[in-house]
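Following: one structure in structure tokens, then a few remarks.
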Amino acid sequence: MAGGAGHVLSPLRPREFFSRPWSGAGEFVPKLLPNRRSRRFRFRSECEFVSDEEWIVHDTTEFEDGESSLRTMRARLISLDRIETTADDTPGGTEVQLEERGFSFRPYLLKVPVGRLRLGMRCHDRCWLDEAGVLHDEIDIRFMGLPVGRITMRLTVEDEAPAA
């Protein structure tokens with residue numbers, strides 16, 4: 001990403017950015033089956049650093065209906081502006097491109113449980129910080145090229161979040 005006066009803006013610094021948990025609210029809006037209702041949820045992401053270059057990500061999702069899930073990923077810094085991630089539900093993993101005010105994932109395959117099956121959904125995931133320090137995450141989900149839905153989240157650093 002280029003800045004003014006011809007200088008290159010530095011990407012996010014993972015250890016600094018992910019050192020504290022991020023949490024907030026999200027919503028899944030279905031597109032393929034428009035009769036389905038949106039699902040709201042609470043989301044929390046916390047990193048456990050093994051070193052400056054490697055860490056484990058623990059993501060917790062709690063839906064309004066009481067359903068919850070825990071997802072664990074491994075992350076490894078492979079250059080100043082790129083992270084490689086792997087998880088059991090992401091065959092082949094993906095790569096994250098760090099930018100000055102956010103990051104984007106190379107499109108990835110996510111194995112999603114649908115009844116007894118685990119279907120491969122293609123995800124396009126982009127995150128950015130607004131001027132107030134809120135992290136926005138948009139994930140467009142497709143199955144066999146068809147739009148399944150979109151997840152949107154707004155997250156803040158926990159120790160900066162307003163008291164309940």
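Every read-out reported here was derived from the displayed coordinates using simple, explicitly stated rules and does not represent laboratory data. Bear in mind the structure is a predicted one, so any value in this text is a computation, not a measurement. Glycine gets a Cβ as well: all are built from the backbone with ideal geometry, and neighbour counts include every protein chain shown.
One table, with the values for the structure above:
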quantity: Estimated [θ] at 222 nm from DSSP helical runs (n ≥ 4, -39500 (n - 2.57)) normalised by residues in the chain, nearest 500; calculated: -500 deg cm²/dmol
quantity: In order through region 35-44: 3J(HN,Hα) via Karplus (6.51 cos²θ - 1.76 cosθ + 1.60), integer Hz, x for Gly, Pro; calculated: 6, 6, 8, 5, 10, 8, 7, 9, 9, 9
quantity: Phi to ³J(HN,Hα) by Karplus 6.51 cos²θ - 1.76 cosθ + 1.60 over region 131-136, Hz, x for Gly, Pro; calculated: 5, 8, x, 8, 8, 9
quantity: The chain - Debye-derived log10 I(q)/I(0), Cα point model, q = 0.11, 0.17, 0.19 Å⁻¹; calculated: -0.48, -1.16, -1.43
quantity: Net charge dipole size for region 56-164 [Lys, Arg +1 and Asp, Glu -1 on Cβ; Debye, nearest 20]; calculated: 760 debye
quantity: 3J(HN,Hα) from dihedral phi, region 110-118, Karplus parametrisation 6.51/-1.76/1.60, rounded to Hz, x for glycine, proline; calculated: 10, 7, 10, x, 10, x, 7, 8, 10
quantity: Packing-based order for 12-22, 62-72, using average beta carbon neighbours within 10 Å, highest first; calculated: 12-22, 62-72
quantity: Estimated FRET transfer efficiency when R0 is 25 angstrom, pair Asp159-Asp130 (beta carbons, to 0.05); calculated: 0.85
